[in-house]
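**Student:** Encoded as structure tokens, here's the structure I'll be asking about.
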Amino acid sequence: MLVRKLELVNIQYDSKKMKGLPDNKNQMNPINQVHNRLQKFLRAHSGFRRDELPGYLNLFAFSFNAPLDQLPDLSFENPKTLRYRELYCKSKPD
């Protein structure tokens with residue numbers, strides 16, 4: 001239904017035929033690579049709360065799709081620093 005609604009092309013592959021293929025001949029390799037990177041990203045941030053999952057997926061999508069020259073610029077646009085003690089201090093200093 002989504003394919004028709006967005007006027008996309010539906011392509012189906014037989015997984016039995018693709019099972020023994022090397023990566024460079026496997027049509028699903030680009031998707032497998034993205035899936036692998038997403039798994040590594042989520043494992044690296046395994047302590048996140050499940051209700052924050054959309055934010056982490058947005059961060060992954062942005063970092064995966066952003067031009068490489070744009071990422072360093074974005075990291076310096078917000079020079080705020082949060083110190084460990086400021087985050088976990090029980091009483092606020094006067």
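The values are calculated or read from the model by the stated rules, or taken from the named source; none is laboratory data. Small disclaimer: the values here were computed from a predicted structure and weren't measured. Note: ideal-geometry Cβ built from the backbone for every residue, glycine included; neighbour counts use all protein chains shown.
**Student:** Which one of the conditions (1) at negative phi; (2) of a type in the set (Asp, Glu); (3) at pLDDT 80 or above does residue 7 fail to meet, given that it meets all the rest?
**Tutor:** (1)
**Student:** From (1) at pLDDT 85 or above; (2) of a type in the set (D, E, K, R); (3) in a helix (DSSP H, G or I); (4) surrounded by fewer than 11 Cβ atoms within 10 Å (Cβ to Cβ), pick out the condition that doesn't hold for residue 37.
**Tutor:** Against the list (1) at pLDDT 85 or above; (2) of a type in the set (D, E, K, R); (3) in a helix (DSSP H, G or I); (4) surrounded by fewer than 11 Cβ atoms within 10 Å (Cβ to Cβ), residue 37 comes up short only on (4).
**Student:** Within segment 13-26, is even one residue of a type in the set (Phe, Trp, Tyr) and within 10 Å of the chain's Cα centre (by Cα)?
**Tutor:** No; the residues of segment 13-26 include none that is of a type in the set (Phe, Trp, Tyr) and within 10 Å of the chain's Cα centre (by Cα).
**Student:** Can you name every residue in segment 41-56 that is surrounded by 10 or more Cβ atoms within 10 Å (Cβ to Cβ), assigned to a helix (DSSP H, G or I) and not small (Gly, Ala, Ser)?
**Tutor:** Once the filter is applied, which keeps residues that are surrounded by 10 or more Cβ atoms within 10 Å (Cβ to Cβ), assigned to a helix (DSSP H, G or I) and not small (Gly, Ala, Ser), segment 41-56 yields 41, 42, 52, 53, 56.
**Student:** If I ask for residues that are farther than 29 Å from residue 16 by Cα, among the aliphatic types (A, V, I, L, M) and more than 10 Å from the chain's Cα centre (by Cα), which ones from segment 28-60 would you list?
**Tutor:** Passing the criteria: 44, 53.
**Student:** Return the residues of segment 10-28 that are surrounded by 10 or more Cβ atoms within 10 Å (Cβ to Cβ) and either at positive phi or not in a helix (DSSP H, G or I) (or both); say none if nothing qualifies.
**Tutor:** Listed by number, the residues that qualify are 13, 21, 26, 27, 28.
**Student:** In this structure, is residue 77 surrounded by 10 or more Cβ atoms within 10 Å (Cβ to Cβ), acidic (Asp, Glu) and at pLDDT below 90?
**Tutor:** Judged against the criteria, residue 77 is not a match.
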